[in-house]
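First up is the structure itself, then whatever we jot down about it.
The values are calculated or read from the model by the stated rules, or taken from the named source; none is laboratory data. Just so it is clear, the model here is predicted, and its values are computed rather than measured. Neighbour counts are summed over all protein chains in view; Cβ atoms, including those assigned to glycine, are modelled from backbone coordinates with ideal geometry. All accessible areas refer to the heavy atoms of the entire protein, side chains included, with ligands and DNA or RNA removed. Shrake-Rupley method; radii C 1.70, N 1.55, O 1.52, S 1.80 Å.
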Amino acid sequence: MAHQYRKPPILEASFEARFDTSPNYNVFTPLRVYDELSADYQSEPVLISDQGIEIVEDSREGSDTTFRLKKEQYRYQIASPDAAWILRFNRRLLSVHASAPYPGWNAFRERIHKSLKAYLLVAQPASLQRISIRYVNQITFDEEPVDLADYFVAPPDTPRDSATSIGAFFQRLECFWPDQPFRLVQTFASAPDEKLSVILDLDMISEENAPLGGLTEDLAMRIDRLREMQRETFEAVITDKLRGMFNAA
């Protein structure tokens, strides 16, 4: 069941598509993408560095997930005048970001479609590798102490019969759908704040590995399906008491 909240906890929503590089991508491509989208993203393109720790997943059964330092890459970034919307791209990636206050799925979906159409038209990537919908939620509690079990279905807990209380925490969970291309990466962590604050990060991923024919109806439906699955997961991990906080006046 989809709920509509008066005060949704969404800190940032993002869409990402990854591609195989097109031989048609060249030094003029970023400016052509900008020209196509300049009505929505008026800031001039700037280069930003993308470097840090990445998670490496091994498809072999029983293999562990490892971490490594990502090779430095650069993306072009353009933004709306108020920086509420940000678009980042390079020869293999496109991402659309909406910051708080969240404008709603219809507005976000429209930006995704428009940006994706422009990128596919200009960059002409050979094929689509994956798409993802990610929502980063921040929930801050005004009063303490807080029992997280009142608000989340499976929160972190201290050992039974322990006299300790939870301070900082970080949980990461990956879920796969058998015989389907879907994967969920869920992160639940404390956030630095004067008050008790937690981050619930839900990244819903679809492995595509398919040739591209523009923004087809089928691809648009798959994007909608990812959003639905992300919403279903969010509702499954929170309680009615937390829903009440989102709807409080």
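Brief remarks on what is shown
- The Cβ shell under 12 Å around R222 holds other residues with a net charge of -3, Lys and Arg each +1, Asp and Glu each -1.
- Pairwise FRET efficiency - A210 versus R32, Cβ, R0 = 35 Å, nearest 0.05: 0.90
- Evaluated at q = 0.21, 0.26 Å⁻¹: base-10 log I(q)/I(0), Debye formula over Cα of segment 204-249: -0.77, -0.96
- Residues of segment 192-212 with an amide N closer than 12 Å to a point placed 7 Å from the Cα of Q171 along the Cα-to-Cβ direction: 199-201.
- Accessible area of the chain divided out per residue, in Å², using a probe of 1.4 angstrom: 58
- Taking all protein chains as shown and a probe of 1.4 angstrom, K7 keeps an accessible surface of around 100 Å².
- Just checking the listed ones, A123, A154, A98: in the Gaussian network model of the chain with Cα springs under 10 Å, the one fluctuating most is A154.
- D193-R243 pseudo-label distance in nm [points 7 Å out on the Cα-to-Cβ vector]: 2.1
- The chain: relative contact order in percent, alpha carbon pairs under 8 Å with at least 6 residues between: 24
- Most mobile of P155, P45, P145 in a GNM of the chain (Cα contacts under 10 Å): P145
- The chain: most fluctuating residue of T216, T187, T140 per GNM, C-alpha cutoff 10 Å: T216
- In a reduced charge model with +1 at each Lys and Arg Cβ and -1 at each Asp and Glu Cβ, the chain shows a dipole moment near 740 debye about its Cα centre.
- Annotation note: GluC sites (Glu not before Pro) in segment 181-220 located in DSSP loop regions with a Cβ neighbour count of at most 11 within 10 Å are E194.
- Environment charge of S95, counting only residues whose C-beta is closer than 13 Å and scoring Lys/Arg +1, Asp/Glu -1: +3
- Pairwise FRET efficiency - D82 versus Q129, Cβ, R0 = 30 Å, nearest 0.05: 0.40
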